[in-house]
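Working notes for the structure below.
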Amino acid sequence: MPSLYSSTATSSDSGRWPRANPRLWPGQARARLEHRPIAAAGALTICAAFVFMAFPGIDLAVSRWAAFATGDFPLSREPELRALRDFNRILPVFILPCVLALLVAQAIAPRPWLPRPHKALFFLTFFALGPGLLIQALKRLIGRARPHEITDFGGSLPFTPAWQVSGACSRSCSFASGESATAIALVALALLLPVQWRRATIIALVPLVLAFSLNRIVFGAHYLSDVVLAWCLMLWLMAWLWAVFADNGERIDAAVMRLSRRSAP
């Protein structure tokens, strides 16, 4: 399975996860993360879930900080932060059609500088299954009320810890954060790029992911656990899907090209 940005990755992004480059990843623990991203993301998700379930007061403490002394999350009324929220929501409307267009362009008129079909399909599948399906299913299943809706902050609904099924909310619920899932999904765009550009791209995207996600906390729309667990779940799904698509990249690319030739007039 290929690395996200290791310089030792093959040009085709196929095969096993490459040996960690000690210059990039000093230490055995980091090398293990490089070799086993699915297990690492899964372990991170379990650890984060345990912390927030064992210490639910963390969520309330962070939300109280965001609510200020007034208790009504005043930053949610700031036009700049509202614009940041709207920008995060509209990004997929532009990104998904662009990635689909790249897939079609590569199938119709292959170019070496375009992402290979399996990479574009990976991103589209990840976005559909992650922010599109998994997060929305959790919202309906868990039914967690948002911070600004609970009694601690002037609402009428009870607070419930992360992962605790509740009937307090019936639609547009708090757990997990859709905006945070969409934000961390931007990291998957790096996998469409050549290997040597991925590390810098991921580093550049991190501040944007943090801004989009933490903005939802200061709005009183999500708890810290909604954000962190959305990140963890998306990273796990991203690592798993990338392994599937990269290991079968040659077959997927060939199938797309065959389909393109059959569809040609």
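Bear in mind these aren't lab numbers, they're just calculated from the coordinates by the rules spelled out. Since the structure is predicted, the reported quantities are computational estimates derived from the model, not experimental observations. Ideal geometry is used to build each Cβ from the backbone, glycine not excepted, and the neighbour counts take in all protein chains shown.
Observations, loosely collected:
- In the chain, helical runs assigned H by DSSP with n ≥ 4 each contribute -39500 (n - 2.57); averaged across all residues and rounded to the nearest 500, the mean residue ellipticity at 222 nm is -19500 deg cm²/dmol.
- Per residue, the Cα convex hull of the chain amounts to 140 Å³.
- Highest-fluctuation residue, 175, 94, 52 considered, GNM on the chain with Cα pairs under 10 Å: 94
- Between residue 47 and residue 129, residue separation times 0.36 nm minus the direct Cα-Cα distance comes to 27.2 nm.
- Nearest-20 debye value, the stretch 174-265 charge dipole, Cβ charges on Lys, Arg, Asp, Glu: 340
- Chain lengthening between residue 257 and residue 152 when straightened (0.36 nm per residue, less Cα-Cα): 32.1 nm
- Other-chain or far-sequence residues with amide H under 5 Å of residue 150's (modelled H): 155, 157
- Computed extension length for residue 61-residue 113: 13.9 nm, one decimal, from 0.36 nm per residue of separation with the Cα-Cα distance subtracted.
- Look at the dipole of the stretch 28-263 built from charges on Cβ: of 219, 249, 127, the Cα furthest out on the positive end belongs to 249.
- Across the stretch 135-180, the convex hull enclosing all Cα atoms gives 67 Å³ per residue.
- Absence of a disulfide-compatible partner, taken as no other cysteine beta carbon within less than 4.7 angstrom, is noted in the chain for 47, 98, 232.
- A Förster radius of 51 Å, combined with the Cβ-Cβ distance separating residue 101 from residue 170, puts the computed FRET efficiency at roughly 0.85.
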